[in-house]
Structure formats: structure tokens, C-alpha cells
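No value in this document is a laboratory result; all are computed from the given coordinates. All of these numbers come straight from a predicted model, not from anything done at the bench. Ideal geometry is used to build each Cβ from the backbone, glycine not excepted, and the neighbour counts take in all protein chains shown.
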Amino acid sequence: MKIQGLPDNGAVDRELHHKFAVAIRAAQLGIWEWDLRTDEFSYSDRAKEIFGFHTDEVVTRQRIIEVLHPDDHRVAREQAASSLDPSLKQRTPYRYRIFRAGSRELRWIHAFGEPIFEVLEGKHVAVRFIGTLQDITDEVQAHERLADQEARLRLAIEASGIAIWEVNLADQTITHSPELNRLCGFPPDARPTLEEFRSRYAPGERERMEQLGAEARLRGETKLDTEIHHLWPDGTEKWLSLKAQIPPGESGYGGRVIGVLMDITEQKRQEEYQKLLLTELNHRIKNSFAVTQSVINQTLRGTDVPSETRAKLSARLQAMADAHEIMTGGAWESAALMTVLNRSLETFGECGSGRIIVQAEDIELSPRATLSFSLVLHELLTNAVKYGSLSNSTGTIHVKISHESLNLLRFTWIEKGGPRTAGTAHEGFGTRLIERVFGSEFEATIRRTLDPEGLSFIMEVPLSRLQP
């Protein structure tokens, strides 16, 4: 195989020539030669392909200048001059841009050239200039994309106030950055040790962090997500969110930990303030229910309202009060359906009695759904105690809560072993309350019948209407 630009005077070893050709093809290099005595250029087929020249095209100086990027003319001239200067003979690789012939597509070229000198009239004169070309456009573009990503990441880090860190587990060293120093109370240009960073932990935090790490390793986990309480020497109190990951190594755990820190001090203060407000709100709601209860009792005293009606009204108010207390525990954001159910059973003394069998898939309820479910459970339990399965010592209730599909919750209440009865369930105020609350507001489908064994109550509700 004859390679353009490679001298073949019979002295080139054939095997070496073959290896050279393989290397050239593998690297996708183009070879060029410039005869300085005749100003003629010789380009290999690959070199012509890189420049967009036809394979049978004669390459001239003017043709090369036409495709060379205008801004890189000076670079090319200076590089050639320093390479051809006998006192310099520079052999440094260089880059320039071209607009490929025909398509005018911008490409980046990595070039290397080496001059060949001869002694003419007692002086060293460059007679030939040979070298290689390589299209590195993909590499340059990948580098530019990476640089853009790093710039965007840096802007995001600066805007969000987070700090990226890395700990070398072998020598217990930590990378430094102005952001990390700022979050931990050190000067921006300081280089504190890992031990000095840990000295900012509040009492007990170091032991807690070590325990969290040990437990994560025992579980085979490589990620950690927690909050760290800092207490600086000047008394400043900080809360930081920490997210860390141990990149796996050959033994399963690598020799470093990488992660981010974010200042959440203000968020924690707001949470504490919100808890204080919720506690005060809960206290006032309890007082309001107590006052309402007292006003009702005072109003009904001396009237002909049956005592049973008074008891029902008081019990319903208590059910609402219990629901509000549950929601306070969930910061008025949500409450678990099982929590609501268990609280209702406790109120009637049936939690753990064995007479109510519960099979449930728990879900989180919105505050409004929590209150409504509390009232429904109160009505069902009240009726069961007075007329149904809980009115004797042998009856049972089977409660099943399931997600019939991803979009529907099915609540089933089946009473057995109570007084034998049949027909249609009486529609009192409690029944109307259930149908008004769930049938109208929550778009539920309700089926309520009295079988000989007892009440059968089935309610299907769209999950989207129940969840927060």
C-alpha cells in the first residue's frame, strides 16, 4: 500500500510501512505534504475528505486559503513561519477551523507538521513540510457542551446557595469551595480540615451521623439523605440539608463520598413557627368545641328535646373534635385513613377488642376528607352499638378498605351476628349526612342495605377526591 506523503525510496521497511498505514487509518488521519521549492501540495485521500475536496482534485495554496476560516489565517501563517524558521523549527500541534468545500460546514482541524531542511549554499533551508490532519469537530463540540453544562451548573449552584463537596475516605480530606466554607461559617478562602468541619456539629450530631452511615452500609445502601444541626463557636445555629452518595468501587464501596449541602435554617424556623401556630390553633379549636358543647347543653336544658338527640349531637361534635386533633398531628396537610379508623374505634372502646376485623390498604386523606370520614365512621359505629352487631356480645363487623383500581377507593362495612332484621336501612339524619357529604361532595357511590345478618355498607370514592 502506497501512502501519499510518505517517502518511498526503497529503504522503507515493508512491515513498518504496513504498520504505519494501519495506524493512519485507525486514527483517521490525513497526510499532507508541501513542497516549498515548487509550492505544490500533496493531500492523501483522507486529508481531501476532511477538507471536502474531490479525490481527483489538485490541491493548491489558493484552494486551501479558500476553505480556511478567515479568523484563523494569521494563526496558520504564524505557525508555518515558526516551523520553517531554521532557528526555531517549531513542531507544536495546532488547531484551526475550516469551512468544508461544497457544504461550507464548519469543522475543527488538529494539525501537526514537521519541516525537512537541507543545506543550500551553507544555510539550512526548509525544502519540504509534511504532517497530519485530524478532524476533531466532535471532540471540540463535546468539550463546548461540557463547558456549557459546567457553567450552567455553576450558575445554579450560586443561585441556589448549595455547596458540592467530596471526602476522600482513605486520608480523610475534603475538597474546599467558597460555598462550602460559607455554609459552615469559615472564610471563603480558608482551607479547614475535615475535623474542623465536623467541629461545627451541634452536640450529639457527630455520633448520629456516624450511626446513620454505619446503618446504611449494613443495609448495602450507598446514599444518605438527612439534616445536620450546626452550632458555631459564636453561637450561630444552622440547619443544613445533606445528600451524599458513595460511588461503588471494586469492593462494593469506593474510596470517596460526594454530596451537596443546602442551608435550610430559615425553613426550619418557619416549620417551628408553623408548629407553634398549629398548637395554638388546636388549643383554640378544642376550646371552641367545648364552648359549643356547653352552649348547646345550656340551650337545650329545660326543653322537651329528647336526651337521645342531645347525646347524638354531643357525640357528633366530639367526632369532629377528634378529627381536628388528628389533622393537627399531620400539620393540617394530611392524615392516614387507618389513624382516623383506629381513633374512632378507641372512642367506642372497640380498638383491639377482636369484634371488628379490619383489612385495609392505607391512604393519606386531605383535611376535608379526614373530617368527613370521621363523621361517617361515627355514624356507622353509633348505629352498630345501638341497633347492630355491637348491640350484643357476639356480633362482629368486617371492615375492608381497598384500592379497586388506581383511581378508586372501596370502603366496605359488613355487620354480622347482630339482631336479625331485613329490609331497607332506615334513612335517618346519619344516613342523610353520609350521603350528602360523600355522595355529593366526594362523588361517591353508596350502597346501604339491611341483610338478615346485619347492615351492609359499601362506598366507592374516587381517590383524587380524597387525597391531599
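Overall, the range 14-141 carries a charge dipole of about 180 debye about its Cα centre when +1 sits on the Cβ of Lys and Arg and -1 on the Cβ of Asp and Glu, all other atoms neutral.
The charge dipole of the range 161-263, taken about the Cα centre with unit charges on the Cβ atoms of Lys, Arg (+1) and Asp, Glu (-1), comes to about 140 debye, rounded to the nearest 20. Here the residues F53, F112, ranked from fewest to most Cβ neighbours within 10 Å of their Cβ, fall in the order F112, F53.
Once the convex hull of all Cα atoms in the range 14-141 is built, its volume per residue stands at 129 Å³. The convex hull defined by the C-alpha atoms of the range 125-170 has an orientation-averaged projected area of 8.0 nm². Here the range 140-219 and the range 15-73 have alpha carbon centers that stand 50 Å from each other.
Cβ crowding within 10 Å ranks K89, K123 as K123, K89, fewest other Cβ atoms first.
log10 I(q)/I(0), Debye, Cα-only the range 161-263, no solvent, q = 0.21, 0.22 Å⁻¹? Reported log10 I(q)/I(0), two decimals: -1.21, -1.32.
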